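Q: Sending over a structure as structure tokens; questions will come in a sec.
The values are calculated or read from the model by the stated rules, or taken from the named source; none is laboratory data. Since we're looking at a predicted model, the values are computed, not measured. Don't worry about glycine lacking a Cβ; one is built from the backbone with ideal geometry, like all the others, and counts go over all protein chains shown. Please note that ligands, DNA and RNA were not included when accessible areas were found on the heavy atoms of the full protein model with its side chains. Shrake-Rupley method; radii C 1.70, N 1.55, O 1.52, S 1.80 Å.
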Amino acid sequence: MWQVADADTKIYILGTMHALPSGTDWDGARVASAIAAADELMMELSPAELAAAGEIFQKLAPRETPLAIEERLSGKALSGFRALEASGRSFGEDGLDDWAVMVLMGQRVAQNAGLSSADGVETGLTEKFEAAGKSIGGFETARDQLMLFETLDPQTQRILLTRAAEEAGDATREVGALTAAWGRGDVGALEKVINEDIDSVPAARKAIITDRNRRWSAWVKRRMERPGIVLMAVGAGHLVGSDGVPAMLEAGGMTVTRVQ
């Protein structure tokens, strides 16, 4: 967690995990103080938009023409995909866009790793702020967020799907390692894992990470013009590296302090 502050405004910037193992202790110490002090919570999606995400996914995910997974993947990628699919119900992949298959694979990996969005940081924060009658907002709509993937060019979508399938055998272990690094507050380890995962696909990094971080950093600068205390909670991957939100704010001349 980082902090940006001036005489009458304070913004806490908390890196979250959207899904966590049951019983994870994430809301103590300075995080607890930030939750109590904040007048407003800003997340990637508001509770209403998060609730709408599943329905919007169902509308955007289908392909115009079905395409067998064997026509998209081969070798290690195909065998990795089949092994992951065999750990649960069929993905129904033939009728879905590449990006949608990848999203479903990510959800399966999280499930296999014992992670649940019901235990994720956003769910916990929503409960706390709603109980306190505090404002909750979101930076994006669910459609905006899913369109980041839908509008990736076909080649980039295929590369992402292939990488996810090739790495499916190690994915559960790697997600566990990522969660553990987050729990330790190990920014270096988080950056390493995230960069290895997406750096080789520049178009995806720009759309999914860098451009969004730039928009959110601009929001922070605007919000600093009004008094109040805000807790901004976004995925931890958006807060690390040279194009993370803290680094962008510092590059823009703001003082950013890590507080937990």
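Q: Can you tell me how many residues in the range 71-109 are closer than 15 Å to Arg163 by Cα, in a helix (DSSP H, G or I) and open to solvent by less than 60 Å² (accessible area, probe 1.4 Å)?
A: 16
Q: Could you grab me the full set of residues in the range 16-73 that are over 16 Å from Leu96 (Cβ atoms) and among the acidic types (Asp, Glu)?
A: Asp25, Asp27, Asp39, Glu40, Glu44, Glu49
Q: For the range 221-247, give me the residue count where each residue is in a helix (DSSP H, G or I) and either crowded, with 21+ Cβ neighbours inside 10 Å or in contact with a strand residue (DSSP E or B) (Cβ under 8 Å, 6 or more places away or on another chain) (or both).
A: Qualifying residue count for the region: 6.
Q: Taking the criterion of being more than 17 Å from Glu44 (Cβ to Cβ), in contact (Cβ under 8 Å) with a residue 60 or more places away in the chain, open to solvent by less than 40 Å² (accessible area, probe 1.4 Å) and outside any helix (DSSP H, G or I), would at least one residue in the range 199-211 satisfy it?
A: Among the residues of the range 199-211, not one is more than 17 Å from Glu44 (Cβ to Cβ), in contact (Cβ under 8 Å) with a residue 60 or more places away in the chain, open to solvent by less than 40 Å² (accessible area, probe 1.4 Å) and outside any helix (DSSP H, G or I), which makes the answer no.
Q: Just to be sure I understand, how many residues within the range 73-89 are touching a residue at least 60 places away in the same chain (Cβ under 8 Å) and farther than 13 Å from Asp170 by Cα?
A: Residues meeting the conditions: 2.
Q: Also, I was wondering about something else. So Gly15 passes all but one of these: (1) surrounded by 14 or more Cβ atoms within 10 Å (Cβ to Cβ); (2) within 20 Å of the chain's Cα centre (by Cα); (3) assigned to a helix (DSSP H, G or I); (4) among the small types (Gly, Ala, Ser). Which condition number does it fail?
A: (3)
Q: Further, regarding this structure: List the number of the failed condition for Ala218; all other conditions in (1) open to solvent by less than 50 Å² (accessible area, probe 1.4 Å); (2) over 14 Å from the mean Cα position of the chain (by Cα); (3) over 24 Å from Leu249 (Cα atoms); (4) without any contact (Cβ under 8 Å) to a residue 60 or more places away in the chain hold.
A: Evaluating Ala218 over (1) open to solvent by less than 50 Å² (accessible area, probe 1.4 Å); (2) over 14 Å from the mean Cα position of the chain (by Cα); (3) over 24 Å from Leu249 (Cα atoms); (4) without any contact (Cβ under 8 Å) to a residue 60 or more places away in the chain leaves (3) as the failure.
Q: For the range 112-191, which fully contained helices (runs of 4 or more DSSP H) count at least 1 residues that are open to solvent by 50 Å² or more (accessible area, probe 1.4 Å), within 19 Å of Val234 (Cβ to Cβ) and at pLDDT 95 or above?
A: Correct list: 121-131, 142-150.
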